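**Q** Pasting a structure here, questions to come.
The values are calculated or read from the model by the stated rules, or taken from the named source; none is laboratory data. Here the structure is a predicted model, which means the values were calculated and not measured. Here Cβ is always computed from backbone atoms with ideal geometry, including for glycine, and neighbour counts include all displayed protein chains. Quick note on the areas: whole protein, heavy atoms, side chains included, nothing else; ligands and nucleic acids left out. Shrake-Rupley method; radii C 1.70, N 1.55, O 1.52, S 1.80 Å.
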Amino acid sequence: MAASSPSVGERWALGVSYRGTAYNGWQSQSDGRSVQDALELALSRFADAPVRTICAGRTDAGVHALNQVVHFDAPVRREAFSWVRGTNSHLPSDIAVQWSHPVAGDFHARYQARGRRYRYVLLQSAVRPSLESGLVGWVFDPLQLDAMRHAAAVLIGEHDFSSFRSSECQAASPVKTLRSVTIDQRGAYWCFEFDASAFLHHMVRNIMGCLLAVGSGRRPADWLHEVLAALDRDAAAPTFPADGLYFVGPYYDAHLRLPDRVPAMDWLP
């Protein structure tokens, strides 16, 4: 989407996809091995001036993203296509800007997001993943779809999600609204999609651990009632690995006209 008369100081939004395997999460780290560090370095090289970004939702080490949205204030004039192609020319192959769009000066990628979506892709197989290693979670036990859907329904709505919250979580409140959880199977692969107002640190991975405990028959479907009510992380299952977790991206009011789909969404189950 082209900008008309782009100017210095104009605020831009970018959609960024990345494979999180090689990075210590989104947030800038002292060792420089974060997605934010790589993106800001690429933007700064392309603009030949320092660029700082703010994202819609920070992801953990090993977590991937399809349409992470960031905003920044441009130190130079560039057209929309230039922010995409120019920045990508300075990025490693596992990170790519998907789109750019000029936004109002008061736009905020995090605070104006109406919600966020995560997807967990799981391989159910007697043999561990190989080609998709690092890109899917893995279980070898057969799973019961109806039991997991029943358990997931318990979590829908506004709740205190303390039982699914990491001890390192910095969120001001454990109360979030989980709008939907969908679970589908395609052959050996399972897709779990979560839509919420916002997520706590490790919230999706902790829910996944519980859903799989139910799906494998180790816990009854109604167990999630007890876990949710306990408000205690020790009541839930262990945190499931990050490998198959994808930040699908945030979504915004329609008038902002920010893309909410990228090609990789058609690649995942």
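**Q** When the dipole is taken about the Cα centre of the chain, and only Lys, Arg (+1) and Asp, Glu (-1) are charged at their Cβ, what size is it in debye, to the nearest 20?
**A** Working: 26 positive and 27 negative charges, 73 e Å.
Roughly 360 debye, rounded to the nearest 20.
**Q** Which far-off residues, 5 or more places away or on another chain, put their amide H under 5 Å from the one on Val103, with H placed in the peptide plane?
**A** Here Arg11, Trp12, Ala13 satisfy the definition.
**Q** Still on this structure, please answer the following. Please compute P(r) over all alpha-carbon pairs of the stretch 119-193, binned at 5 Å starting from zero, and give each bin as a whole-number percent.
**A** Here the calculated profile for the stretch 119-193 is 3, 13, 20, 18, 17, 15, 10, 3, 0.
**Q** Starting from the eigenvalues of the Cα gyration tensor, five times each then square-rooted, give me the equivalent ellipsoid semi-axes of the stretch 50-98, largest first, whole Å. Please list the in-between numbers first.
**A** Numbers: eigenvalues 83, 39, 17 Å².
So the equivalent ellipsoid measures 20, 14, 9 Å along its semi-axes.
**Q** Another question about this same structure. In the neighborhood of Phe107, defined by Cβ-to-Cβ distances under 12 Å, what is the net charge if each Lys or Arg adds +1 and each Asp or Glu adds -1? Please report the intermediate quantities before stating the final value.
**A** Details: positive: Arg11, Arg110, Arg257; negative: Glu10, Asp73, Asp106, Asp253.
In short, -1.
**Q** Given C-alpha coordinates of the stretch 151-256, what is the ratio Rg to Rh with the Kirkwood estimate of Rh?
**A** Details: Rg = 13.9 Å, Rh = 14.4 Å.
Computed over Cα atoms, the ratio is 0.96.
**Q** List the GluC sites (Glu not before Pro) in the stretch 142-234 that DSSP assigns to loop (not H, G, I, E or B) and whose Cβ has at most 15 other Cβ atoms within 10 Å. Which are they?
**A** Values: sites: Glu158, Glu168, Glu193, Glu226; in loops: Glu168.
Answer by residue number: Glu168.
**Q** Would you work out the relative contact order for the chain, in percent, from Cα pairs under 8 angstrom that are 6 or more residues apart? Kindly include the intermediate steps, with their values, before the conclusion.
**A** Details: 605 pairs, mean separation 61.9, N = 269.
Here the relative contact order equals 23 percent.
**Q** Let me ask something else about it. Quick one: Karplus J couplings for the stretch 54-64, per residue in order, coefficients 6.51, -1.76, 1.60, θ = phi - 60°, nearest Hz, x for Gly and Pro?
**A** Working through the residues one at a time gives 10, 9, 6, x, 6, 10, 7, 4, x, 8, 9 Hz.
**Q** Cα convex hull of the stretch 8-85: how many Å³ per residue? Write down the numbers at each step before the final one.
**A** Details: hull volume 6.6 nm³, N = 78.
Value for the stretch 8-85: 84 Å³ per residue.
**Q** Any idea how far the Cα center of the stretch 80-108 sits from the one of the stretch 38-61, in Å?
**A** 9 Å
**Q** Residues of the chain: accessible area per residue at 1.4 Å, in Å²? Before the final figure, lay out each step's value.
**A** Numbers: 12370 Å² over 269 residues.
On a per-residue basis, the chain sits at 46 Å².
**Q** Compute the whole-percent fraction of alpha carbon pairs in the stretch 46-187 spaced more than 23 Å apart.
**A** Working: 5497 of 10011 pairs.
Value for the stretch 46-187 (Cα pairs over 23 Å): 55 percent.
**Q** Still on this structure, please answer the following. For Ile54 and Thr21 in the same chain, what is the full-extension length gain: residue separation times 0.36 nm, less their Cα-Cα distance, in nm?
**A** Working: separation 33, 0.36 × 33 = 11.88 nm, distance 2.11 nm.
9.8 nm is the gain from fully extending Ile54 to Thr21.
**Q** Summing +1 for each Lys or Arg and -1 for each Asp or Glu, what net charge is found among the other residues whose Cβ lies under 15 Å from the Cβ of Glu193? Write down the numbers at each step before the final one.
**A** Working: positive: Arg116, Arg117, Arg119, Arg149, Arg179, Arg186, Arg205, Arg261; negative: Asp184, Asp195, Asp260, Asp266.
In short, +4.
**Q** Once you wrap a convex hull around the alpha carbon atoms of the chain, what is its projected area averaged over all directions, in nm²?
**A** On the way: hull surface 57.3 nm².
So the mean shadow area of the Cα hull is 14.3 nm².
**Q** Here is a further query. Per-residue HN-Hα couplings for the stretch 161-177, Karplus 6.51 cos²θ - 1.76 cosθ + 1.60 at θ = phi - 60°, whole Hz, x for Gly and Pro?
**A** 9, 4, 5, 10, 10, 5, 5, 8, 5, 9, 5, 5, 9, x, 7, 9, 10
**Q** Now for a separate question. Report ³J(HN,Hα) in whole Hz for each residue of the stretch 108-119, in order, from the Karplus equation J = 6.51 cos²θ - 1.76 cosθ + 1.60 where θ = phi - 60°; Gly and Pro get x.
**A** 9, 4, 7, 6, 9, 5, 7, x, 9, 10, 10, 10
**Q** Can you give me the C-alpha center-to-center distance between the stretch 122-145 and the stretch 178-203, rounded to a whole angstrom?
**A** Centre-to-centre (Cα) distance: 16 Å.
**Q** Amide H to amide H, which residues 5 or more places from Ser34 or on other chains are under 5 Å from it, using H placed in the peptide plane?
**A** Correct list: Asn24, Gln29.
**Q** A follow-up question, please. So if I place +1 on the C-beta of Lys and Arg and -1 on the C-beta of Asp and Glu, and nothing else carries charge, what would the dipole magnitude of the stretch 25-184 be about its Cα centre? I want it in debye, nearest 20.
**A** 300 debye
**Q** In the stretch 182-230, which trypsin sites (Lys or Arg not before Pro) are in a loop and have at most 12 other Cβ atoms within 10 Å, using DSSP for the loop call?
**A** Numbers: sites: Arg186, Arg205, Arg218; in loops: Arg218.
Passing both the DSSP loop test and the Cβ count: Arg218.
**Q** Rounded to the nearest 5, what is the percent of antiparallel bridges among the DSSP beta bridges in the chain?
**A** Working: 43 of 48 bridges.
Rounded to the nearest five, the antiparallel share is 90 percent.
**Q** Report in % the part of the accessible area of the stretch 170-269 that belongs to carbon and sulfur, leaving out ligands and nucleic acids; probe 1.4 Å.
**A** Values: 2330 of 4630 Å².
Percent of accessible area from carbon and sulfur atoms in the stretch 170-269: 50.
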